[in-house]
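Okay, so here's the structure we're looking at.
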Amino acid sequence: MAHAPRGRFVTVEGQDGAGKTTNLSVIRDTLESSGIHVVQTREPGGTPWGEALRELVLNRGDTDIAPTAELLTIFAARAQHIHQVIEPALSAGKWVLCDRFTDATYAYQGGGRGISLDVIALLEDLVQGELQPDLTLLFDIDIDTSKARARQRSEADRFESEQDSFKQAVRKQYLQLAKQNPQRVRVIDASRSLEQVVREVRSRVNDFIRTVARD
Ligand code: T5A
């Protein structure tokens, strides 16, 4: 029996409150309208074990967590996520839509916490091997708008409670990643109205579907 072609790996990135969650359903609907079977997931988390680690990483504001401990916890959750969810889905021909992946580690733990990007690259290589997203939508937004939007939702987590300098460094590192990976990363100006952002998201995803169909 012929194997299904390998699925594609789509990730969504951006600062807190940039509008990722709002647009995940738009991306999913656009893919499914083209008959693509989508597995939607998130990081940190995506597995029962990873979700337990997510809770530790996001919500222990009372503990002084060492940046390296934070980094290793995120990669531990990622290793399990790849093993249990991402690789099996891609191998079965399904597309994986993931709310954040390793670009977030470069942005938050690298840019924000100041951990060496070379150290992150070593862990990336160990945990992911060749696995990289095929398409990343990066929702870019200025810090004030991001904070205002994040305030509309639940209580701030450990990252949302950080200083503006941390948030600026996260944004800068994300934009740097986009510059270094122009084939994969599409930057979306998320400060515009939701209607405009949604229109661009649909168009970017449809472009990608057409590119894959041509391969
Ligand atoms: N993290 C994660 C790391 O440090 N390292 C890592 O390696 C990884 C994987 C995860 C946290 O973990 C950190 C980074 C994060 O801080 P998360 O669940 O991804 O947390 O958290 P958030 O980014 O905070 O995700 P949210 O779902 O909370 O924010 P979103 O998805 O960016 O924003 P969203 O869609 O909820 O929108 C926020 C508000 O704005 C409105 C929405 O209606 C909502 O009220 N909105 C708009 N309003 C006007 N115009 C628009 N264009 C709008 N778009 C959205």
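Rule-based calculations on the coordinates, nothing more; no lab input. Values in this document were obtained by computation on a predicted structure and should not be read as measured data. FYI the Cβ positions are ideal-geometry reconstructions off the backbone, even for glycines, and counts take in every protein chain you see.
The magnitude of the dipole of the stretch 147-210, with charges of +1 and -1 set on the Cβ of Lys/Arg and Asp/Glu and taken from the Cα centre, is near 240 debye. Where does the charge balance sit around Ile143 when Lys and Arg score +1, Asp and Glu -1, over other residues with C-beta under 15 Å from its C-beta? Computed value for this residue: -2. Distance between the modelled labels on Thr22 and Arg214, one decimal in nanometres: 3.2 nm (7 Å Cα→Cβ projection).
In this calculation the C-beta distance from Leu194 to Thr68 is compared with R0 = 35 Å, giving a FRET efficiency of 0.40.
A dipole drawn for the stretch 9-214 from +1 and -1 charges on Cβ atoms has a positive end, and of Ala104, Leu194, Leu126 the residue lying farthest that way is Leu194. As a proxy for reagent exposure, ranking Glu70, Glu155, Glu87, Glu55 by other Cβ atoms within 10 Å from fewest up yields Glu155, Glu55, Glu87, Glu70.
The charge dipole of the chain, taken about the Cα centre with unit charges on the Cβ atoms of Lys, Arg (+1) and Asp, Glu (-1), comes to about 620 debye, rounded to the nearest 20. For the stretch 1-57, the alpha carbon positions stretch 44, 27, 13 Å along the principal axes, listed from largest to smallest. Rg over Rh for the stretch 101-199 works out to 0.98, both radii taken from alpha-carbon positions and Rh defined as the Kirkwood radius. Taking the Cα centre of the stretch 3-130 as origin and assigning +1 to Lys and Arg Cβ atoms and -1 to Asp and Glu Cβ atoms, the resulting dipole is close to 340 debye. Note on the chain: Lys pairs 8 or more places apart or on different chains, Cα atoms under 21 Å apart, count 7.
Net charge of the neighbourhood of Gly93, taken over other residues with C-beta under 13 Å away and scored Lys/Arg +1, Asp/Glu -1, is +2.
Taken along its principal axes, the alpha carbon cloud of the stretch 9-214 reaches lengths of 49, 37, 31 Å, longest axis first. In this simple spin-label model, placing a label point 7 Å from the Cα along the Cα-to-Cβ direction at both Asp142 and Asp157 gives a separation of 2.7 nm.
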